[in-house]
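Structure first, commentary second.
The values are calculated or read from the model by the stated rules, or taken from the named source; none is laboratory data. Because the structure is a prediction, the values reported are computed rather than measured. Neighbour counts are summed over all protein chains in view; Cβ atoms, including those assigned to glycine, are modelled from backbone coordinates with ideal geometry.
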Amino acid sequence: MGHFGGFASQYRDEATRPKILEHIVKMVDLSERCEADVILLATNEKEMPFNEYVDTYVEGLRMPADYADERGIVLALEHVGSYKPSTLEKLVRAINHDAVKVYLDIGNCLWQGEDPVEQARNMGDIVAQLHIKGMRDTTLAQMPLVEVRKALEGRGYRGRGCLEIPSGTTNNDPLKEALAILRRAGY
């Protein structure tokens with residue numbers, strides 16, 4: 001759900017935030033019908049300090065998280081845009097709900113100047129799913145894929161990864177190339 005970003009700051013008015021929460025519930029229903037178990041909620045709060053919006057998330061996500069939990073679905077918050085992975089970890093730990101976890105994006109870690117291996121070590125216990133890609137001048141093959149995998153496994157992560165494949169790879173078969181890279185890294 002890309003329009004979730006800015007949940008506390010962008011959707012401050014009391015008329016819009018409940019609509020976003022309704023959309024989450026509808027996504028839970030759709031996910032259940034599709035037998036999916038993770039919903040990605042793109043998360044980005046760039047206008048306010050953490051302490052000014054954390055309660056909005058804790059209180060706002062309680063109902064849809066309970067609803068998702070009853071259906072075996074996880075709401076996975078992904079750090080996007082200027083939102084730092086370390087701040088997302090802090091947010092998810094503050095929410096403290098079994099159905100609210102992290103969608104760790106190793107490329108976005110680099111985008112925000114944070115080490116994806118360190119983030120995997122720090123939050124591997126609250127990761128619902130892994131987003132695998134390179135970023136900027138760092139190709140997928142240059143990413144610390146083995147180290148990320150081992151860090152997550154060390155924290156008990158046994159979930160899936162989602163591969164984001166760029167176009168224009170060297171051999172013009174991006175899926176084949178990406179799968180070969182991942183297999184060499186033990187994925």
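Any chance you could count how many residues in the stretch 113-134 are within 19 Å of Leu175 (Cβ to Cβ) and among the aliphatic types (A, V, I, L, M)?
2
Applying the selection to the stretch 23-63, what residues are more than 24 Å from Gly81 (Cα to Cα), outside any loop (DSSP other than H, G, I, E, B) and not hydrophobic (A, V, I, L, M, F, W, C)?
Lys26, Asp29, Ser31, Glu32, Arg33, Arg62
Which members of the stretch 45-59 meet the condition of being within 15 Å of Lys101 (Cα to Cα) and touching a Phe, Trp or Tyr at 6+ places or on another chain (Cβ under 9 Å)?
Tyr57
Kindly evaluate Glu89 against the criterion of being within 18 Å of Gly159 (Cα to Cα), free of Cβ contacts under 8 Å to residues at least 40 places away in the same chain and more than 11 Å from the chain's Cα centre (by Cα). Step through it out loud before you land on a result.
Values: within 18 Å of Gly159 (Cα to Cα): yes; free of Cβ contacts under 8 Å to residues at least 40 places away in the same chain: yes; more than 11 Å from the chain's Cα centre (by Cα): no.
So Glu89 fails the test.
Going by the conditions given, is Ser31 buried (at least 16 other Cβ atoms within 10 Å of the Cβ), among the hydroxyl-bearing types (Ser, Thr, Tyr) and under 19 Å from the mean Cα position of the chain (by Cα)? First the steps, then the outcome.
On the way: buried (at least 16 other Cβ atoms within 10 Å of the Cβ): yes; among the hydroxyl-bearing types (Ser, Thr, Tyr): yes; under 19 Å from the mean Cα position of the chain (by Cα): yes.
Against the criterion (buried (at least 16 other Cβ atoms within 10 Å of the Cβ), among the hydroxyl-bearing types (Ser, Thr, Tyr) and under 19 Å from the mean Cα position of the chain (by Cα)), Ser31 qualifies.
Which numbered condition trips up Phe7, out of (1) at pLDDT below 95; (2) under 18 Å from Ala128 (Cβ atoms); (3) part of a helix (DSSP H, G or I); (4) not aliphatic (A, V, I, L, M)?
If we test Phe7 against (1) at pLDDT below 95; (2) under 18 Å from Ala128 (Cβ atoms); (3) part of a helix (DSSP H, G or I); (4) not aliphatic (A, V, I, L, M), just (3) comes out false.
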